[in-house]
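The values are calculated or read from the model by the stated rules, or taken from the named source; none is laboratory data. Keep in mind that what you see is a predicted model, and the values were worked out from it rather than measured. Positions of Cβ are backbone-derived with ideal geometry, glycine not excepted, and every protein chain shown enters the neighbour counts. Side chains included, ligands, DNA and RNA excluded: accessible areas come from the protein's heavy atoms. Shrake-Rupley method; radii C 1.70, N 1.55, O 1.52, S 1.80 Å.
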Amino acid sequence: MLQRLGDTLVRRRWWVLGATLIFVGVAGWLGGGVAQELTGGGFEDPNAESARAAAALEEVFETGDPNVVLLVTAADGDVNDPAVTEAGMALTSALSQIDGVTDVASYWALGSAPPLRSSDGSKALVLARMDEEDETVADSVRQLVATSSQDPITVEMGGASEVFREIQETVETDLVRAESIAFPITLGLLVVVFGSLVAASLPLVVGGIAIIGTFLALSLINQVTDVSIFALNLTTALGLGLGIDYSLFVVSRFREELAKGLSTHDAVVATVGTAGRTVAFSAVTVAISLGALVVFPLGFLRSFAYAGVAVVLIAGITAVVVLPALLAVLGPKVNSLRIFRRQRQVDDEHGFWARLANLVMRRPIPFVATVLVVLVVLGTPFLRVEFGLSDDRVLAPDNEVRMVQDDLREGFASDEAATVTVVARDASPATPEQLTEYATELSAVPGVARVDAADGTYVGGIQVAPANPLSARYASGDATWFGVIPSVEPVSPEGQQLVEDVRAIEAPVDVLVGGPSAGLADATDSLFSRLPWALAIIGVVTFALLFLMFGSVLVPVKALVLNVLSLSATFGALVWIFQEGNLSGPLNFTATGTLDSTLPILLFCVAFGLSMDYEVFLLSRIKEEYDLTGDNTRSVSMGLQRTGRIVTAAAAVLSVVLIAFATSSVTILKVFGIGMTLAVLLDATLVRGILVPAFMRLAGNANWWAPRWMRRIYERFGISESGAASSDRQPVRT
């Protein structure tokens, strides 16, 4: 089938290229502005108790967590100064008059409420809610902040809404910078690999088409469901990376076929039938790994599934369809515009990678033991992992919004914007005395600064203040809710423990517990409850696909085990760097003592897919040689020699693309860039260069063994180079 496709692509090459140009133009026109459409959130489970609590607050009480925090600093250091009080009241009044802004409260409007004043008395807070989707409202609030910052006060804006906006804008800026760093270096490396500007430009063409096409796909998906702004970074990294991987494999095979003396037509057909088959299979495998992210309810991870599947499939289709058509037009001119003459080719048996494979296979056990020790040592810190979720501290310490949030965190005894909400839709079964007793118990929970309720304020198990005019917001008909103000960091293990303790208290009526800390606890539970399903999907489908391609039981098992082992080493390094903050200075980030629980899952799916990408490239050439000779040792050395240079080049180029994201000002992107770079380099060196040949030497001809019943499945459905697992090309079996 693929050979027929290759023949059709040669004969219809101009039609294919014309259709591609039209597609790129339409995709660029419709998807070019996708960055402005995407969201900065997606870290909550929409079906969790915390989400239902937020919905109840909105529906019944028309309120919720304040997402706007104005930090007011008194010029003379005293927020009780009459002039400061007048300015603070004026700011409060002006904010409440902006359409779309509700639930405005301030230190001064509440009669000098102590929780809204900093410990040193120089700062005070104004809290409010606004419609995050209406940018006009946000612009009006920012304009008010700018005009209000004059003697005797200075006003700065923080809160969840401003944090998400800042993250979104920073990601867009960082994406442009990462691309500007990665593209020229990538082109330079490709010129070194191919020695020709024409050949070196082809991977960038494939990557560019994949990226632009995915922008269109994300724009369309965003019309149906929210997509995270972070998905753009995966689109760029994978689009360029896989475009380069697939193009390296296809172009190198095409040049190899030309060097054998084949015509352009026959070289394209042979390339599509061999390298095209491998690329198509690899793309499906990577897409399945990334598609497994859709089992998680968090929009952040689902967005990576949408972007990942789209970019992988578009890159694969472009490499198998568009690139061969382009090669059919270029023919031998693919080697034009040489920058330097490539070194004389060494025969396969004496090349570096063949010599390395033979060296490893002569003493496989010492090599395996050494590499395993290295990977285990690297992975050991992962045993100390503490999971959390990202908050404002993903922004750089010198970011203005981040500095406002730090002032709120360090200067105030409680976090007023991170209230744990306890909502009772129907409180009628309980007596007022029972509700009072419940509020008293809530206020005595460790980590609680105070509890605000309809009948007053509670601190440390005692009612310290009766109801005031603002207390009316805590009741509506038969419904009521309690505002549990934390004294601990909301997005932290302490915040999670606070939620567990609150939920453990027996309530007199049915309640829902929400707020940022509850969102963290619910998201963590949701992630790890779905994780076995994602791992099962990846493991089972990958095993099945590898079996159908290679007809072996041992090869898929080995691939799965080695990938998990190398990824464990990567995760250990991330804990040491980011959770424990050992490189926080050079990398300019804040260590929070936790690792975002979504990132290991994301990195596992993406890196696992890329690892299988390299695995398929290598094993396809080993299997091709083994089918011809039946010599296991020779097939391993020849396979590694013929793919080692390509895989190394692909890994080097992809690492440049990924490490560029470490320059981001957002910690999530630093973790992604550094984590993926480590995973790719470990996989392309220690795993592919040492562990694979060592294990395949130890297994011998058993590498290609399968039980009789599985052999029959392979003979009927297997994917061989000729399109069917024909009996005359079965591997030798002992």
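Among the residues of the range 489-507, how many are part of a helix (DSSP H, G or I) and either open to solvent by less than 10 Å² (accessible area, probe 1.4 Å) or under 27 Å from Asp407 (Cβ atoms) (or both)? Lay out the reasoning, then the answer.
Narrowing the range 489-507 to residues part of a helix (DSSP H, G or I): 493-504.
Then drop every residue that is not either open to solvent by less than 10 Å² (accessible area, probe 1.4 Å) or under 27 Å from Asp407 (Cβ atoms) (or both), which leaves 493-499, 502.
Selection size over the range 489-507: 8.
If the requirement is being touching a residue at least 12 places away in the same chain (Cβ under 8 Å) and buried (at least 17 other Cβ atoms within 10 Å of the Cβ), which of these qualifies: Ala413, Ala430?
Details: Ala413 fails: buried (at least 17 other Cβ atoms within 10 Å of the Cβ).
Only one candidate qualifies: Ala430.
Test each condition in (1) among the aliphatic types (A, V, I, L, M); (2) closer than 30 Å to Ala48 by Cβ; (3) open to solvent by less than 10 Å² (accessible area, probe 1.4 Å) for Val251 and report the one that comes out false.
Evaluating Val251 over (1) among the aliphatic types (A, V, I, L, M); (2) closer than 30 Å to Ala48 by Cβ; (3) open to solvent by less than 10 Å² (accessible area, probe 1.4 Å) leaves (2) as the failure.
Looking only at residues that are in a helix (DSSP H, G or I) and of a type in the set (Ser, Thr, Tyr) in the range 171-214, which one is surrounded by the most Cβ atoms within 10 Å (Cβ to Cβ)? Spell out how you get there, then give the answer.
Step one: of the range 171-214, the residues in a helix (DSSP H, G or I) are 171-194, 197-214.
Applying the additional criterion that residues be of a type in the set (Ser, Thr, Tyr) yields 173, 180, 186, 201, 214.
Numbers: Thr173: 13, Ser180: 10, Thr186: 24, Ser201: 15, Thr214: 31.
Per the criteria, the residue is Thr214.
Considering every residue within the range 448-460, establish whether at least one is within 18 Å of Ala518 (Cα to Cα), under 40 Å from the mean Cα position of the chain (by Cα), touching a residue at least 24 places away in the same chain (Cβ under 8 Å) and not in a strand (DSSP E or B).
There is no residue in the range 448-460 that is within 18 Å of Ala518 (Cα to Cα), under 40 Å from the mean Cα position of the chain (by Cα), touching a residue at least 24 places away in the same chain (Cβ under 8 Å) and not in a strand (DSSP E or B).
Is it the case, given these coordinates, that Ala660 is in contact (Cβ under 8 Å) with a residue 40 or more places away in the chain, surrounded by 24 or more Cβ atoms within 10 Å (Cβ to Cβ), touching a Leu at 6+ places or on another chain (Cβ under 6 Å) and assigned to a helix (DSSP H, G or I)?
On the way: in contact (Cβ under 8 Å) with a residue 40 or more places away in the chain: yes; surrounded by 24 or more Cβ atoms within 10 Å (Cβ to Cβ): yes; touching a Leu at 6+ places or on another chain (Cβ under 6 Å): no; assigned to a helix (DSSP H, G or I): yes.
No.
Just for the range 221-248: of the residues that are open to solvent by 10 Å² or more (accessible area, probe 1.4 Å) and touching a residue at least 12 places away in the same chain (Cβ under 8 Å), which one is farthest from Glu179 (Cα to Cα)? Break it down into steps so the answer makes sense when it comes.
Initial filter on the range 221-248 (open to solvent by 10 Å² or more (accessible area, probe 1.4 Å)): 221-226.
If we keep only those that are touching a residue at least 12 places away in the same chain (Cβ under 8 Å) too, we end up with 221-222, 225-226.
Details: Ile221: 24, Asn222: 23, Thr225: 27, Asp226: 25 Å.
Checked the range 221-248; the qualifying residue farthest from Glu179 (Cα to Cα) is Thr225.
Checking the structure you have, find out if any residue of the range 34-57 is open to solvent by 10 Å² or more (accessible area, probe 1.4 Å), aromatic (Phe, Trp, Tyr) and in a helix (DSSP H, G or I).
Within the range 34-57, none of the residues are open to solvent by 10 Å² or more (accessible area, probe 1.4 Å), aromatic (Phe, Trp, Tyr) and in a helix (DSSP H, G or I).
Kindly establish whether Asp245 is of a type in the set (Asp, Glu) and closer than 21 Å to Ala210 by Cβ.
Details: of a type in the set (Asp, Glu): yes; closer than 21 Å to Ala210 by Cβ: yes.
For Asp245, the condition - of a type in the set (Asp, Glu) and closer than 21 Å to Ala210 by Cβ - is met.
Name every residue in the range 595-617 that is of a type in the set (Gly, Ala, Ser) and open to solvent by 10 Å² or more (accessible area, probe 1.4 Å), in order of residue number. Quick ask: steps written out before the conclusion?
From the range 595-617, those of a type in the set (Gly, Ala, Ser) are 597, 607, 609, 611; that's our starting set.
If the condition is that a residue be of a type in the set (Gly, Ala, Ser) and open to solvent by 10 Å² or more (accessible area, probe 1.4 Å), then no residue fits.
Take the range 508-526 and flag every residue that is aliphatic (A, V, I, L, M), touching a helix residue (DSSP H, G or I) at 6+ places or on another chain (Cβ under 6 Å) and either open to solvent by 20 Å² or more (accessible area, probe 1.4 Å) or without any contact (Cβ under 8 Å) to a residue 12 or more places away in the chain (or both).
Scanning the range 508-526 gives a single hit, Leu512.
In the range 478-488, how many residues are modelled with pLDDT of 90 or more and in a loop (DSSP other than H, G, I, E, B)?
Here is the first cut: in the range 478-488, the ones modelled with pLDDT of 90 or more are 478-486.
So of that shortlist, the ones also in a loop (DSSP other than H, G, I, E, B) come out as 478.
Count: 1.
State yes or no: is Thr629 out of contact with any strand residue (DSSP E or B) (no Cβ under 9 Å at 6 or more places or on another chain), closer than 24 Å to Val312 by Cβ and open to solvent by 20 Å² or more (accessible area, probe 1.4 Å)? Give the steps one after another, and end with the answer.
Working: out of contact with any strand residue (DSSP E or B) (no Cβ under 9 Å at 6 or more places or on another chain): yes; closer than 24 Å to Val312 by Cβ: no; open to solvent by 20 Å² or more (accessible area, probe 1.4 Å): yes.
No.
Tally up the residues in the range 696-734 that are assigned to a helix (DSSP H, G or I) and at pLDDT 50 or above, please. Quick ask: steps written out before the conclusion?
The initial filter retains those residues of the range 696-734 that are assigned to a helix (DSSP H, G or I), namely 696-704, 708-717, 727-729.
From the residues that got through so far, the ones that are at pLDDT 50 or above too are 696-704, 708-717.
Residues that pass the stated criteria total 19.
Could you grab me the full set of residues in the range 374-398 that are crowded, with 20+ Cβ neighbours inside 10 Å and of a type in the set (S, T, N, Q)?
Answer for the range 374-398, where residues must be crowded, with 20+ Cβ neighbours inside 10 Å and of a type in the set (S, T, N, Q): just Ser390.
Can you tell me which of Arg642, Arg621 is without any contact (Cβ under 8 Å) to a residue 40 or more places away in the chain, touching a Lys or Arg at 6+ places or on another chain (Cβ under 6 Å) and closer than 21 Å to Ser282 by Cα?
On the way: Arg642 fails: without any contact (Cβ under 8 Å) to a residue 40 or more places away in the chain.
Only one candidate qualifies: Arg621.
Can you find, within the range 140-168, the residue that is nearest to Pro66 (Cα to Cα) among those that are among the hydrophobic types (A, V, I, L, M, F, W, C) and assigned to a strand (DSSP E or B)?
Met157
In a strand (DSSP E or B), without any contact (Cβ under 8 Å) to a residue 60 or more places away in the chain and open to solvent by less than 40 Å² (accessible area, probe 1.4 Å): does that describe Val137? Full working, then the answer.
On the way: in a strand (DSSP E or B): no; without any contact (Cβ under 8 Å) to a residue 60 or more places away in the chain: yes; open to solvent by less than 40 Å² (accessible area, probe 1.4 Å): yes.
No: the conditions fail for Val137.
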